[in-house]
1. Between H58, L20, Q130, whose Cα lies farthest towards the positive end of the dipole of the chain when Lys and Arg beta carbons carry +1 and Asp and Glu beta carbons carry -1, centred on the Cα centre?
2. Kindly state, to the nearest 0.05, the FRET efficiency for I46 paired with K140, given R0 = 41 Å and r defined as their beta-carbon distance.
3. Per DSSP helix of 4 or more residues, -39500 (n - 2.57); summed, then divided by the residues of the chain. What does that give at 222 nm, rounded to the nearest 500?
4. Please report the antiparallel percentage of the DSSP beta bridges confined to the stretch 62-143, to the nearest 5.
5. Quote the charge dipole size of the stretch 53-97 about the Cα centre in Debye, to the nearest 20; the model charges only the Cβ of Lys and Arg (+1) and of Asp and Glu (-1).
6. If I stretch the segment between D126 and W96 completely, what's the gain in nm (0.36 nm per residue apart, minus their alpha carbon distance), one decimal?
7. Please name which of S5, F76, T94 has its Cα lying farthest along the dipole of the chain towards the positive end, using unit charges on Cβ (Lys, Arg +1; Asp, Glu -1) and the Cα centre as origin.
8. Which FRET efficiency value, to the nearest 0.05, do you get for K4 and Y115 by plugging their Cβ-Cβ distance into 1/(1 + (r/R0)^6) with R0 = 22 Å?
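None of the figures in this text is laboratory data; all of them are computed from the coordinates on show. These numbers come from a predicted model, not from an experiment. All Cβ positions, glycine included, derive from the backbone under ideal geometry; neighbour counts span all protein chains shown.
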Amino acid sequence: MRFKSRKDLFFPVFVFGISLLFIGLSISKRIEKDIRLNSFLWSDLILLSVIIFIIWLHYSTYYELSKTQLKYKSGFLKGTIEIENIREIIKNKTLWVGIKPATATKGLIIKYNKYDEIYISPKTNDTFIQEILTLNKNIKITEA
């Protein structure tokens, strides 16, 4: 079963803010150095690349449950986790450091193997948890 990533207001505001910052920096550099506004700079290419990358993350993030694996993909970040190795899921909490193929806050922190964890943000946390519990009833669910 495939789950799309939930998108909250934080992600588009972040994208818009970063874009405006880079555009402002680019324009101010041009004014400082008296460069024509219609000339193309390498910084414009970097800016465009960053914006395209963030938009790619926004639309390509999803999670897929099979009988034995949880697969995740977000841009170039992709991987699989064996469902039998999942120990615990912490619900409605945000992980700020680590592997985060997510586009929203208050998602799920999945702890697997001995010390590994990943943060995901499916459209509905409850539906995802119900589905994964049908595959492995030994997963501990905790509320943040």
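1. Q130
2. Between I46 and K140 the formula returns 0.40.
3. That calculation yields -12500 deg cm²/dmol at 222 nm.
4. Of those bridges, close to 80 percent are antiparallel.
5. So the magnitude is around 80 debye.
6. Full-extension gain reported as 8.7 nm.
7. Towards the positive end, the residue furthest out is S5.
8. 0.15
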